[in-house]
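Trainee: Structure below; questions to follow.
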Amino acid sequence: MWKEFVTLFSTAISIPLSLYITARLLCRRENKSSENDPEDFQLIERVLLFPDGGYQCRHWTEGSCKYSECPMLHHLTNKTRLKLVLDAAQETIDVCMYVMSCAVLLDTLAEAQRRGVRVRIVCDNMKISGSQYKIEEAALPVRVDNSRSMMHHKFFIIDRTVLLSGSYNWTASGAAYNRENMFITNHRTVVSQFIREMESLWEMFEGSTDVQFEPLTSSSMLKNRFVHRVRS
């Protein structure tokens, strides 16, 4: 796993040292004694700012792009950095996100689940339709806030150790063109508060596990909502 991650990072240009350390911490299994040793703990604080200014070229990412006038970006984007952090998860990924329609990040969650990572998603009922088919196809565990209040959080936690939180919703256009931010930290006090919030919401929305989505007709897209399958 670590060798594969280093290979991915070695293709990037000017990768921040703090993100490299984040990846290393995520990819390395530490025993309990080292986790409790302050001298062994490396504090991570990193900010990712958007927009990326476009979309990263898939051919460039895979090694080379043969198009001399390629309109795509030929450098590592912050959206790809988020993907790489998700790729580094070994045990758990907890996502609490208002909008999550970015196919790249949803596919990354699906791949993580296939390799044995426990994935959980909490989202808002008014915004889930944009990701419904990806979530259903991958059978990703999801619980939905269908109250009158918005589930407006935008954070995710990797291996209950590293937190990423900010203004960025999981949308492709948002990463490319919107002024957004994501803060990365492994500060234990901060991370623990977000873990408690995730656990609280996961328990609170337990009855919303089973959902039945409306077909994406013109009418349902305008309403942007879903119908609950009521449990007996």
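Trainee: Would you check if there is a residue in the stretch 139-154 being within 19 Å of Thr92 (Cα to Cα) and modelled with pLDDT of 95 or more?
Mentor: Yes; the residues of the stretch 139-154 include at least one that is within 19 Å of Thr92 (Cα to Cα) and modelled with pLDDT of 95 or more.
Trainee: How about the stretch 110-122: which of its residues are of a type in the set (Val, Ile, Thr), crowded, with 20+ Cβ neighbours inside 10 Å and either out of contact with any Ser or Thr (no Cβ under 9 Å at 6 or more places or on another chain) or not in a strand (DSSP E or B) (or both)?
Mentor: Result: Val122, single match.
Trainee: Also, I was wondering about something else. From the list Thr108, Thr77, Thr92, exactly one residue is farther than 20 Å from Ile195 by Cβ and in contact (Cβ under 8 Å) with a residue 40 or more places away in the chain. Which is it? Please lay out each step first, then the result.
Mentor: On the way: Thr108 fails: in contact (Cβ under 8 Å) with a residue 40 or more places away in the chain; Thr92 fails: farther than 20 Å from Ile195 by Cβ.
Answer to the check: Thr77.
Trainee: Please go through the stretch 171-183 and pick out each residue that is part of a strand (DSSP E or B) and at pLDDT below 95. Break it down into steps so the answer makes sense when it comes.
Mentor: Within the stretch 171-183, the subset part of a strand (DSSP E or B) is 181-183.
Answer for the stretch 171-183, where residues must be part of a strand (DSSP E or B) and at pLDDT below 95: there is none.
Trainee: Could you tell me which of the residues Lys83, Lys66 is surrounded by fewer than 16 Cβ atoms within 10 Å (Cβ to Cβ) and on the phi < 0 side of the Ramachandran plot? So that I can check it myself, show each step before the final result.
Mentor: Numbers: Lys83 fails: surrounded by fewer than 16 Cβ atoms within 10 Å (Cβ to Cβ).
Residue meeting the stated conditions: Lys66.
Trainee: Further question: Pick from Gln193, Gln132: which is part of a helix (DSSP H, G or I) and modelled with pLDDT of 95 or more? Explain how you work it out, then say what you get.
Mentor: Working: Gln132 fails: modelled with pLDDT of 95 or more.
Step by step, each of Gln193, Gln132 is checked, and only Gln193 is part of a helix (DSSP H, G or I) and modelled with pLDDT of 95 or more.
Trainee: Within the set of pairs 6+ apart or on separate chains, which have a first residue in the stretch 180-194 that is β-branched (Val, Ile, Thr), a second that is open to solvent by 40 Å² or more (accessible area, probe 1.4 Å), and C-beta atoms under 8 Å apart?
Mentor: Short answer, once both residue conditions are applied: Ile184/Glu45; Ile184/Arg46; Ile184/Val47; Thr185/Leu43; Thr185/Glu45; Thr185/Arg46; Val191/Arg160; Val191/Thr161.
Trainee: What's the number of the condition Glu91 fails, among (1) buried (at least 17 other Cβ atoms within 10 Å of the Cβ); (2) at pLDDT 95 or above?
Mentor: It is condition (1) that Glu91 fails.
Trainee: Let me ask another. Can you pull out the residues in the stretch 62-109 that are part of a helix (DSSP H, G or I) and of a type in the set (A, V, I, L, M)?
Mentor: Our first condition is that a residue be part of a helix (DSSP H, G or I); within the stretch 62-109, this holds for 62, 78-87, 103-109.
Leu82, Leu84, Val85, Leu86, Ala103, Val104, Leu105, Leu106, Leu109 - these are the residues of the stretch 62-109 that are part of a helix (DSSP H, G or I) and of a type in the set (A, V, I, L, M).
Trainee: Ok, one more. Which of the residues that make up the stretch 148-163 are without any contact (Cβ under 8 Å) to a residue 12 or more places away in the chain and open to solvent by less than 60 Å² (accessible area, probe 1.4 Å)?
Mentor: Taking the stretch 148-163 first, the residues without any contact (Cβ under 8 Å) to a residue 12 or more places away in the chain are 148-149.
Correct list: empty.
The values are calculated or read from the model by the stated rules, or taken from the named source; none is laboratory data. Treat the numbers as computed from the prediction; the structure is a model and nothing was measured. FYI the Cβ positions are ideal-geometry reconstructions off the backbone, even for glycines, and counts take in every protein chain you see. The accessibility values were calculated without ligands, DNA or RNA, using every heavy atom of the protein model including side chains. Shrake-Rupley method; radii C 1.70, N 1.55, O 1.52, S 1.80 Å.
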